[in-house]
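Chemist: One structure is given below, represented as structure tokens, and several questions about it will come after.
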Amino acid sequence: MSERRQPIVSVLGHVDHGKTSLLDHIRSLGSGRQASVMDREAGGITQHIGATEVPADLLNDLCGPLLGGKSFNSPGLLFIDTPGHHSFSTLRSRGGSLADIAILMVDVMEGVRPQTIESIRILKQAKTPFVIAANKVDRIHGWESKQGRSMVQAVREQTMDAQAMFEKRYWDLVGSFAEHGFNIELYSKVKDFTKDIALVPISAREGEGVQDLLTVVIGLAERYLEEKLTDIEGSGEGTVLEMKEERGLGKTLDVILYRGSIKKGDEIVLVTEEGGLTTKVRGMFAPRGMSEMRDAGDRWDNTDIAYAASGLKISAPDIDGVLAGTTMRVVSNESERDAAIIQASEEANLSIELDEEGVTIKADTVGGLEALAKELKAIEVPIRNASIGKVNRRDVRSAENSADPLHRIIMAFSTEILPDAEVEIESSESGIKYLGSDIIYRILEEREEWIEQRTRELEVESREQVVYPGRILLLPDHTFRVSKPAVVGVRVLAGRIHIGQRLLKDGKRIGQIKSIRSGQDSMKEAKQGDEVAVAIDGVTVGRQIDEDDILLVDIPESHAKKLRKMDLSAAEKEVLDELITIHRKDSNFWGL
């Protein structure tokens, strides 16, 4: 066994920017040199659960000319590949990122896109070193691709026009990454990898530049991760990607083993919502040969022992409730078991500060949940409920119980909503909002949009319930009836008028609005600028009121308190202030 483990590499990027194409190409590298069942010793690529392992001898053959005669010291590279787990980059390895190094895929023609920005944010938070793969250079007009050619040679052999177009795309990327605080440089020109991020142009589809990319990844790992990669001694530790049901095996765990070793019969401690759970490994499996893990069917190979770093499927009894994104620990004695249970219990207590009032959040992993919580904390959004898994009816009821209507929202990062929870939201009369996305900042943006929309809706609702202040002018030559009730034409100068509101003249109450009409149509209210006919009880034209009079529309004191907190127009605020001044002549604290 090697004295160091292989680096764990994650591949991130915007949808359709080439993550799948790159991994597919990497899987194909050993196809010409594999037996029916590929293994590390035969120099083939082993497809693990949630990971693709590229052995060192294949890497040395492929990248040797670019390594200047040096060879790769680690057993290989382990690419994390967790389909459906868009938040896998937030998976933790004892508090840090599970990945040792990352490749950030960027379409050279499209540049930085929303999921690129999300990936940059994740890499920044996790402090994970990364390389940029500027993919799809073959789409540059006039670019001629040759499989297996190094990128330095490829650029040099293009036409002047293709080179100029590549330069333009490259400098666009330099500007975009600078906006996010990163200096990027073409990989062949980087002098200090601690200061500049290497950009490697590639065509994943044509296989051009892939060996350059792998060489840079190897170089970074060998130079900067040496101490981390020698962490192979002791009992095994891994990160649980997910728990799922497998035919013939029952419930199983997909795990990335990042430290030590694990074998059949080992006692392991896992993390559930209730704390630490102890069980024993009943079986360990890997897909046979190049079987795609998403469709491995019954093509599994038994394995008795596994060493870091590797992807495994583990079967064990009583693993209900194990949380994705948490740590699996192998223990060999009572003291190790006790320590692991304490650590598992601490991990189960999510490091998320909860409030009595706030929003509800969900994610598919612990890391994903904590990442979303961190973003919400940064914008001072309180969290009432936070949990891992699919959105269920209990989450809906939690959101429903929020006192603040703007907190009746469920934000789900990289997880789904159960059908019965959807039904409950649709039938709820509490105005619950569900937002789900694989991109955290898209969730935050959609929340902002909903907050604006919901605030407007709530204001409309409150306007319907609150009596608004107003100022009206009695129009000359528009007296239709002198009394019982008086019917006069008015213009609403400010605010609005409602049926039932009382009128003030010179600070004294004089009558009440009985009806509002525009032509033949009855109205409940009229707004600033409207000219309508108003029936007023309790007054006679020529006595209490006259044409050209200006009257104020009065409001109850309790409504004045609400109105002061609302977003009023300048004209409405002016009338409100005037009404407060009038009423405070009789009561010093009116409206407070």
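Values quoted throughout were computed directly from the atomic coordinates according to the rules given, and no laboratory measurement underlies them. Note that this is a predicted model, so its numbers are computed, not measured. Reconstructed Cβ throughout: ideal geometry from the backbone, glycine too, with neighbour counts over all protein chains shown.
Chemist: Share of antiparallel DSSP beta bridges in the chain, in percent to the nearest 5?
Modeler: Numbers: 82 of 119 bridges.
Antiparallel: roughly 70 percent of the beta bridges in the chain.
Chemist: Once you list every other residue whose beta carbon is under 13 Å from the beta carbon of residue 216, what net charge do they have if Lys and Arg are +1 and Asp and Glu are -1? Walk me through the numbers on the way to the answer.
Modeler: Details: positive: 189, 223; negative: 185, 196, 212, 222.
Summing Lys and Arg as +1 and Asp and Glu as -1 gives -2.
Chemist: Residue by residue through region 351-359, which ³J(HN,Hα) values in whole Hz follow from phi under the Karplus form 6.51 cos²θ - 1.76 cosθ + 1.60 (θ = phi - 60°), with glycine and proline marked x?
Modeler: For region 351-359, the Karplus curve yields 7, 10, 7, 9, 10, 5, 10, x, 8 Hz.
Chemist: Specify whether the C-alpha gyration tensor of region 359-465 places it in the rounded, prolate or oblate class, a ≥ b ≥ c being the square roots of the eigenvalues: rounded for a/c under 1.5, otherwise prolate if a/b is larger than b/c and oblate if not.
Modeler: Values: a/c = 2.01, a/b = 1.36, b/c = 1.48.
Judged from the Cα gyration tensor, region 359-465 comes out oblate (a/c at least 1.5, b/c at or above a/b).
Chemist: Whole angstrom only: what separates the Cα centroid of region 107-179 from the Cα centroid of region 466-513?
Modeler: Result: 69 Å between the Cα centres.
Chemist: Which order results if 397, 481 are arranged by neighbouring Cβ count within 10 Å, fewest first? Mind showing how you got there, number by number?
Modeler: Values: 397 16, 481 13.
Starting with the residue having the fewest Cβ neighbours, the order is 481, 397.
Chemist: Can I ask one more? For the chain, what relative contact order do you get, as a whole percent, if you take Cα pairs closer than 8 Å and at least 6 residues apart? List each step's numbers first, then the result.
Modeler: Working: 1263 pairs, mean separation 59.3, N = 592.
Dividing the mean separation by the residue count of the chain yields 10 percent.
Chemist: A follow-up question, please. Quick one: net charge around residue 452, please, counting Lys, Arg +1 and Asp, Glu -1 for every other residue with C-beta under 13 Å from its C-beta. Present the calculation step by step, with values, prior to reporting the outcome.
Modeler: Working: positive: 433, 447, 454, 456; negative: 445, 446, 448, 449, 457, 459, 567.
Overall, the nearby charge balance is -3.
Chemist: Now a separate question. Which of the residue pairs 19/127; 127/191; 127/228 have a Cα-Cα distance greater than 18 Å in the structure shown?
Modeler: Numbers: 19/127 21 Å; 127/191 20 Å; 127/228 14 Å.
Result: 19/127; 127/191 exceed 18 Å.
Chemist: Now a separate question. For region 125-136, in order, what is each residue's ³J(HN,Hα) by Karplus, 6.51 cos²θ - 1.76 cosθ + 1.60 with θ = phi - 60°, in whole Hz (x at glycine and Pro)?
Modeler: Values per residue, Gly and Pro as x: 4, 7, 6, 8, x, 8, 10, 9, 9, 7, 7, 6 Hz.
Chemist: What does the net charge come to around residue 318 if you take all other residues with beta carbon closer than 12 Å to its beta carbon, with K and R at +1 and D and E at -1?
Modeler: That works out to +2.
Chemist: Which residues' amide hydrogens lie under 5 Å from the amide hydrogen of residue 76, considering only partners 5 or more residues apart or on another chain, with H built in the peptide plane?
Modeler: Amide H to amide H, under 5 Å and 5 or more residues apart or across chains, residue 76 pairs with 6, 56.
Chemist: Right, another one. 5 Å is the cut-off here: which amide hydrogens, built 1.01 Å from N in the peptide plane, fall below it relative to residue 133, excluding neighbours closer than 5 in sequence?
Modeler: 104, 105, 106, 200
Chemist: Report, to the nearest 10°, how far helix 19-28 tilts away from the longest principal axis of the Cα atoms in the chain, using its own Cα long axis and a range of 0 to 90°.
Modeler: Orientation of helix 19-28: about 10 degrees from the principal axis.
Chemist: Short version: ³J(HN,Hα) in whole Hz for each residue of region 551-564, in order, from phi by Karplus 6.51 cos²θ - 1.76 cosθ + 1.60 (θ = phi - 60°), x for Gly and Pro, what are they?
Modeler: My calculation for region 551-564 gives 10, 9, 9, 7, 9, x, 4, 4, 6, 4, 5, 5, 4, 5 Hz in order.
Chemist: Please arrange 562, 195, 19, 228 by counting, for each residue, the other beta carbons lying within 10 Å of its beta carbon, fewest first. It would help to have the intermediate numbers written out before the result.
Modeler: Numbers: 562 14, 195 9, 19 22, 228 17.
Ascending number of Cβ neighbours within 10 Å: 195, 562, 228, 19.
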